[in-house]
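Scroll down for the structure; my scribbles are underneath it.
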Amino acid sequence: MQHAATPDRDEPGHDGKGDPPAKPTKIIVNGRQKETSAKELSFQDVVRLAFDDAVFNEVTIYTITFKRGHGDKPEGTLVEGETVKVKEGMIFNVARTDKS
Amino acid sequence: MSRALISRSPDLLRLQNDGYEVDVRSGHLLVHSVPYVNARGEIALGCAVSELTLAGDVTSRPGSHIVMFVGEHPCNRDGSEILQIKHQSHTMALAADLVAQHSFSNKPPQGYADYYEKMTRYIEIISAPAMSLRTDVTPRTYKVIEAAADDGVFNYVDTASTRAGIGAITAKLAMRRVAIVGLGGTGSFLLDLLAKTPVQEIHLYDGDLFLQHNAFRAPGAASIEELRDRPSKVAYHRANYAQMRRGIHAHREYIGEDNVSQLQGFDFVFLCMDTGPAKKLIIDALHAANTPFIDTGLGVQMLEDSLELWAICRVTTSTPAKQDHVARRISFAVPDEDGDYERNIQIADLNALTAAYAVIRWKKFCGFYQDLEHEHDSTYSTNCNLLTGDDVP
């Protein structure tokens, strides 16, 4: 699994001709500005960006929604096992939608 | 109910006393055995139908000048259609047991003052050719119509559906038994919407008391006297909605291992409870019984710097057609009170919105609203105005 903080030089689009290091992408996670150098984020990556004390177990489910993403999937939800491409200015929301 | 309505409304009573075969059924006013001449010059009997505008189960001034007709198009003595009242001809499903074929329009400049004036005016035009062909023919038969068996759930007629002409569609919602588990903010708004549908029995499950803070997250306006009585949530809401309808059953208990079997035999279940092990127990039982359900969930978070809130509202649906997404969408974790994102912020409008989304989804399941996507998970995010739909079978 790819971690949000790890730059990914092998991602298609990097030609390796001595470009400056990839500029981190500015995104909004839970209403706050964050930066990531990853090109693609997994469900767990996004939860970690949202919560320092994120827990991953069988019974805890986070609801993730995103908007202003890449053209092929600009908005939607992300569940365990899925990844999404990152775009400058992309909005992520992560919450435990467990209140009534 | 219909007999009482007629006896309380002077215009309907006058119609009946004049010998017209007056009937109130499925929210409409009917006058049976209205003679008319058909296209073949024969004398036939039809039924004139009107919407009913009521205030407290007494007639008001008619809300529409249109009359509908069950039968062939009424004609003149020569078999030509009566053009004076001609309006539309097609199948009009006014209610499950009431289908008209024609509507007529004849509007006096000042409108109709009451239903006596409205119905007698139309019947006069419809019946005149028949009455001139044969002197023994009359719409005033003095035959008494037996009151239809009253199997409705409301204490007064649902004129909202009949005024809108959607009685036949509304009838699709008449499930026999529906449960709401959890009567907090979302559950109480959900009850508010469900109570106004023809569901026969609505069972409420919650062990909690209705306290002062609950009043700010529930529909309506509780009085301080009601709060001082410290009623249970289910009793408070049952009493409130019993003013409008029958069939609301209050169960002052939380659902757990001992009583989860109570959820057997429901046509549909709404889960509006905070998450936790009990939710897993309930969902396992509902899946085992193939009972369709909707789980609602809300997450509100605070931005400390800007003192603003944002939220995600979630509606997850499980039907016999699709259940395998539930484990990825619904959390069963015990709420963790430590993390700062775990404070229990809830806002009435978000509860109401989540409840409304859940009820709309249920109405799609019932075939009331068109459903092109059959999404089994839907979310709304407030801060970017995003509505999502996923998990299509």
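What are the residues in the range A:31-55 that are of a type in the set (Gly, Ala, Ser) and more than 23 Å from B:Leu386 (Cα to Cα), if any? Working first, answer last.
Just the residues of the range A:31-55 that are of a type in the set (Gly, Ala, Ser), to begin with: A:31, A:37-38, A:42, A:50, A:54.
Within the range A:31-55, A:Ser37, A:Ala38, A:Ala54 qualify.
What is the number of the single condition among (1) more than 20 Å from A:Gly89 (Cβ to Cβ); (2) modelled with pLDDT under 95 that A:Phe43 does not meet?
(2) is the only condition that A:Phe43 fails.
Do we have B:Val300 as surrounded by 19 or more Cβ atoms within 10 Å (Cβ to Cβ), touching a residue at least 40 places away in the same chain (Cβ under 8 Å) and among the aliphatic types (A, V, I, L, M) here?
Numbers: surrounded by 19 or more Cβ atoms within 10 Å (Cβ to Cβ): yes; touching a residue at least 40 places away in the same chain (Cβ under 8 Å): yes; among the aliphatic types (A, V, I, L, M): yes.
For B:Val300, the condition - surrounded by 19 or more Cβ atoms within 10 Å (Cβ to Cβ), touching a residue at least 40 places away in the same chain (Cβ under 8 Å) and among the aliphatic types (A, V, I, L, M) - is met.
Provide a single number: the residues in the range B:290-331 that are within 27 Å of the chain's Cα centre (by Cα) and away from chain A (no Cβ under 12 Å). Spell out how you get there, then give the answer.
Of the range B:290-331, the ones within 27 Å of the chain's Cα centre (by Cα) are B:290-298, B:313-322.
Next, from what is left, pick out any that are away from chain A (no Cβ under 12 Å): B:290-294, B:317-322.
Of the residues in the range B:290-331, 11 are within 27 Å of the chain's Cα centre (by Cα) and away from chain A (no Cβ under 12 Å).
Among what's in the range A:50-78 and is among the β-branched types (Val, Ile, Thr) and either in a strand (DSSP E or B) or touching a residue at least 40 places away in the same chain (Cβ under 8 Å) (or both), pick the residue that is surrounded by the most Cβ atoms within 10 Å (Cβ to Cβ). Please lay out each step first, then the result.
Taking the range A:50-78 first, the residues among the β-branched types (Val, Ile, Thr) are A:55, A:59-61, A:63-65, A:77.
Still in the list and also either in a strand (DSSP E or B) or touching a residue at least 40 places away in the same chain (Cβ under 8 Å) (or both): A:63-65, A:77.
Numbers: A:Thr63: 27, A:Ile64: 25, A:Thr65: 24, A:Thr77: 25.
Ranking the candidates gives A:Thr63 first.
For the range A:79-90, name all the residues that are within 18 Å of A:Lys23 (Cα to Cα) and open to solvent by 10 Å² or more (accessible area, probe 1.4 Å).
Applying the first criterion (within 18 Å of A:Lys23 (Cα to Cα)) to the range A:79-90 yields A:85-90.
Passing the criteria: A:Lys85, A:Val86, A:Lys87, A:Glu88, A:Gly89.
Quick check on my filter: what residues within the range A:79-100 are outside any strand (DSSP E or B) and more than 7 Å from every other protein chain (Cβ to nearest Cβ)?
Pass one, the range A:79-100, residues outside any strand (DSSP E or B): A:79-82, A:86-90, A:96-98, A:100.
A:Gly81, A:Glu82, A:Val86, A:Lys87, A:Glu88, A:Gly89, A:Met90 - these are the residues of the range A:79-100 that are outside any strand (DSSP E or B) and more than 7 Å from every other protein chain (Cβ to nearest Cβ).
For the range B:186-224, enumerate the residues that are more than 25 Å from B:Val157 (Cβ to Cβ), of a type in the set (S, T, N, Q) and under 22 Å from the mean Cα position of the chain (by Cα).
Taking the range B:186-224 first, the residues more than 25 Å from B:Val157 (Cβ to Cβ) are B:186-188, B:205-218, B:221-224.
Of the ones still in play, those that are also of a type in the set (S, T, N, Q) are B:186, B:188, B:212, B:214, B:223.
If the condition is that a residue be more than 25 Å from B:Val157 (Cβ to Cβ), of a type in the set (S, T, N, Q) and under 22 Å from the mean Cα position of the chain (by Cα), then B:Thr186, B:Ser188 are the ones that fit.
Would you tally the residues in the range B:368-388 being within 17 Å of B:Lys322 (Cα to Cα), open to solvent by less than 40 Å² (accessible area, probe 1.4 Å) and in contact (Cβ under 8 Å) with a residue 12 or more places away in the chain?
Applying the first criterion (within 17 Å of B:Lys322 (Cα to Cα)) to the range B:368-388 yields B:371-378.
In the following step, the residues that additionally are open to solvent by less than 40 Å² (accessible area, probe 1.4 Å) were identified as B:371, B:375-378.
So of that shortlist, the ones also in contact (Cβ under 8 Å) with a residue 12 or more places away in the chain come out as B:375-378.
Going through the range B:368-388 one residue at a time, the tally reaches 4.
State all residues of the range B:158-210 that are in a loop (DSSP other than H, G, I, E, B), away from chain A (no Cβ under 14 Å), open to solvent by 10 Å² or more (accessible area, probe 1.4 Å) and not acidic (Asp, Glu); if no residue qualifies, say none.
Quick first cut of the range B:158-210, residues in a loop (DSSP other than H, G, I, E, B) only: B:158, B:165-166, B:174-176, B:182-184, B:195-200, B:206-208, B:210.
Checking which are away from chain A (no Cβ under 14 Å) leaves us with B:158, B:165-166, B:174-176, B:195-200, B:210.
If we keep only those that are open to solvent by 10 Å² or more (accessible area, probe 1.4 Å) too, we end up with B:158, B:165-166, B:174-176, B:196, B:198, B:200.
Within the range B:158-210, B:Gly165, B:Ile166, B:Ala174, B:Met175, B:Arg176, B:Lys196, B:Pro198, B:Gln200 meet the criteria.
Just checking, does the range B:222-234 include any residue being of a type in the set (Gly, Ala, Ser) and in contact with a Lys or Arg (Cβ under 8 Å, 6 or more places away or on another chain)?
Within the range B:222-234, the subset of a type in the set (Gly, Ala, Ser) is B:222-223, B:232.
Subsequent filtering for residues that are in contact with a Lys or Arg (Cβ under 8 Å, 6 or more places away or on another chain) retains B:232.
Yes.
Would you call B:Ser64 surrounded by fewer than 20 Cβ atoms within 10 Å (Cβ to Cβ), modelled with pLDDT of 95 or more and among the small types (Gly, Ala, Ser)? If you could, list the steps in order and put the result at the bottom.
Values: surrounded by fewer than 20 Cβ atoms within 10 Å (Cβ to Cβ): yes; modelled with pLDDT of 95 or more: no; among the small types (Gly, Ala, Ser): yes.
Here the answer is no, as B:Ser64 does not meet what is asked.
Considering only the range B:17-39, I want to know if a residue exists there that is without any contact (Cβ under 8 Å) to a residue 60 or more places away in the chain, open to solvent by 10 Å² or more (accessible area, probe 1.4 Å) and in a loop (DSSP other than H, G, I, E, B).
yes
The values are calculated or read from the model by the stated rules, or taken from the named source; none is laboratory data. Keep in mind that this is a model prediction, so the values were computed, not measured. In this analysis, Cβ positions are derived from the backbone assuming ideal geometry, glycine residues included, and neighbour counts consider all displayed protein chains. Each accessible area value is taken on the protein alone, full model and side chains, heavy atoms only, with ligands, DNA and RNA left out. Shrake-Rupley method; radii C 1.70, N 1.55, O 1.52, S 1.80 Å.
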